[in-house]
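Nothing in this text is a laboratory measurement; each read-out follows from the coordinates by a stated rule. Nothing here was measured: the structure is a model prediction, and the numbers come from that model. Quick reminder, even Gly has a Cβ in these numbers, built from the backbone with ideal geometry, and neighbours come from all protein chains shown.
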Amino acid sequence: MVTQIENYEQVDVFVGLDVGKGEHHAVALDRAGKKLYDRALPNDERKLRAVLIDLQENGGVLLIVDQPATIGALPVADAQAAGALVGYLPGLAMRRIADLHPGEAKTDARDAAIIAETARTMPHTLRSIQVTDEQVAELSMLCGFDDDLAAQITQVGNRVRGLLTQIHPALERAMGPRLDHPAILDLLQRYPSPAAMRAAGEKRIATRMLKIAPRKGRDWAHEIIAALGEQTVVVTDTNAAALVLPRLAAQLASLRKQRDEVAAEVEKMVDAHPLQPVLTSMPGVGVRTAARLLTEVAGKHFPTAGHLAAYAGLAPVTRRSGSSIRGEYSSRRGNKILKNAMFLSAFAALRDPESRAYYDRKISQGKRHNQALLALARRRSDVLYAMLRDGSLYQPSPTRLVA
């Protein structure tokens, strides 16, 4: 991916900013390496803007941050509003470059000085930060919140299944795999213990579940009652679990409702984006995957398909050392969010005949399931690159994924 700072030759002042929650530390150098500024800087718009304006008297300013989002968002926005160039020094590059400087102290002032010196002498290590597209920025925030909700749903769901397993394993086998259905969560809130479900009886449970699950309610009620009959003893802490389970079920239902609401907003934003028809034409790319592709790829330029694959961490890494270490391995670097989206998209695309044929071929070559999926994700990355480059919709081709 092309990440060089545009108009770098017009920069006269290099400002390294080690961002912090309450205050940042800024170090400014001119092209000769002379220090123009070195002090703590409050995380305040007015003071940040005043320092930038003062430094612009020496010429064009390039602000480099070590964290462009969250606590570094205000300095980035301030610099862009002031007409300064803005760049980002990735954490891994920062750590490696810091090892080249004398001393082992870890201070904000030292880090800011290293960032400024790196910007002055090694511009190829920097990543350009462009003025963010508002739509993509909103999508990024919503997708991040959706990821948080998904993690909380998993956590609470595991807690519910753990409690059910503790007090009644057979009941967990009947209800645990169906916690994603609101009928099961409603039942746990109304009858939170095996005794309460047994007292309610199959008919009453079925009547309640049929209101939310008209197709499966009766069958599920029968399975739940059958599961209750597999255990006669009452396990210790069952009463305490009966107090916790309805609260966890209510929390899980609330989290799922929030995620549905976020998904609806994400879908509106994705539908309004010009690239939506291109992305969703590809098998295995739904709304959430399209949103992630927009937040991680849109607005970035990749010279070749290989650059996109490397950025996503899908390009294999060759390792050779003498005669003992030889082979290619999956990369552990790259954009993990994009890699995960491409991996899950490849899994969803297995229903597509072409994708399935490529996956089956890799399996026949001795690759394991995850390895075959990664290979498919890599090949789909090439297809995605061509689609984005040309602005074209996905076109099925018998030779594309079978070659």
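Charged neighbours of ALA183, selected by a Cβ distance under 10 Å, balance to +3 (K, R count +1; D, E count -1).
Taking the three principal axes of the alpha carbon atoms in the stretch 41-197, the coordinate ranges are 78, 38, 27 Å, sorted in descending order. Helical content alone sets the calculated 222 nm signal of the chain at -18000 deg cm²/dmol, taking -39,500 (n - 2.57) per DSSP H segment of four or more residues and averaging over every residue. Counting other Cβ atoms within 10 Å as a rough exposure proxy, the listed residues GLU202, GLU261, GLU296, GLU9 run GLU9, GLU261, GLU202, GLU296 from fewest neighbours to most. Put a dot 7 Å past the Cα of LEU210, heading toward its Cβ, do the same for THR236, and the two dots end up 4.2 nm apart. Where does helix 108-121 land angle-wise versus the long Cα axis of the chain, in degrees 0 to 90, nearest 10? On a 0 to 90 degree scale, this one is about 60.
Loop-resident trypsin sites (Lys or Arg not before Pro) (DSSP state other than H, G, I, E or B) in the stretch 66-143 with no more than 12 further Cβ atoms inside 10 Å of their Cβ: LYS106.
A Cβ-based charge dipole, computed about the Cα centre of the stretch 139-266 with Lys and Arg at +1 and Asp and Glu at -1, lands at about 580 debye.
Rounded to the nearest 20, the size of the Cβ-charge dipole of the chain about its Cα centre is 1940 debye, with Lys and Arg at +1 and Asp and Glu at -1. With axes computed from alpha carbons, what is the tilt in degrees of helix 217-228 against the longest principal axis of the chain, rounded to the nearest 10 within 0 to 90? Between helix and principal axis, roughly 80 degrees.
Once the C-beta distance of ARG96 and ALA32 is scaled by a Förster radius of 30 Å, the resulting FRET efficiency is 0.75 to the nearest 0.05.
In nm, what is the difference between 0.36 nm times the number of residues separating GLN152 and THR70 and their Cα-Cα distance? Length difference between fully extended and current span is 27.4 nm. Taking a straight Cα-Cα cut-off under 21 Å and skipping sequence neighbours fewer than 8 places away in the same chain, the lysines within cross-link reach of LYS339 are LYS300, LYS362, LYS367. Rounded if a/c is under 1.5, else prolate if a/b is larger than b/c, else oblate: which is the stretch 163-217, with a ≥ b ≥ c the root eigenvalues of its Cα gyration tensor? Oblate is the answer for the stretch 163-217, as a/c is 1.5 or above yet b/c matches or exceeds a/b. A cut-off of 5 Å between modelled amide H atoms, ignoring neighbours fewer than 5 places along the same chain, links GLY313 with ASN335.
Which of rounded, prolate or oblate describes the stretch 276-390 when judged by the alpha-carbon gyration tensor and an a/c cut-off of 1.5? Here the stretch 276-390 falls in the oblate category.
For LEU36, the residues 5 or more places off, or on other chains, whose built amide H falls under 5 Å of its own are ALA28, LEU29, ASP30.
Where the centre of each part is set by its Cα atoms, how far does the stretch 217-266 sit from the stretch 148-172, in angstrom? The distance from the Cα centre of the stretch 217-266 to that of the stretch 148-172 comes to 8 Å. Per-residue Cβ neighbour counts within 10 Å put THR125, THR207, THR70 in the sequence THR70, THR207, THR125, beginning with the fewest.
Helix 336-348 and the longest principal axis of the C-alpha atoms of the chain enclose an angle of approximately 40°. Can you check what the net charge comes to around GLY284, using other residues whose Cβ is under 10 Å from the Cβ of GLY284 (Lys, Arg +1; Asp, Glu -1)? Net charge around GLY284: +1. Each of LYS34, LYS257 was scored by other Cβ atoms within 10 Å of its Cβ. Listed from fewest to most, they are LYS34, LYS257. Counted over the chain, the DSSP beta bridges are approximately 65% antiparallel. Straight-line reach from LYS211: which lysines have Cα under 29 Å away, leaving out those fewer than 8 places along the same chain? The reachable lysines, counting only those whose Cα sits under 29 Å from LYS211, are LYS203, LYS257.
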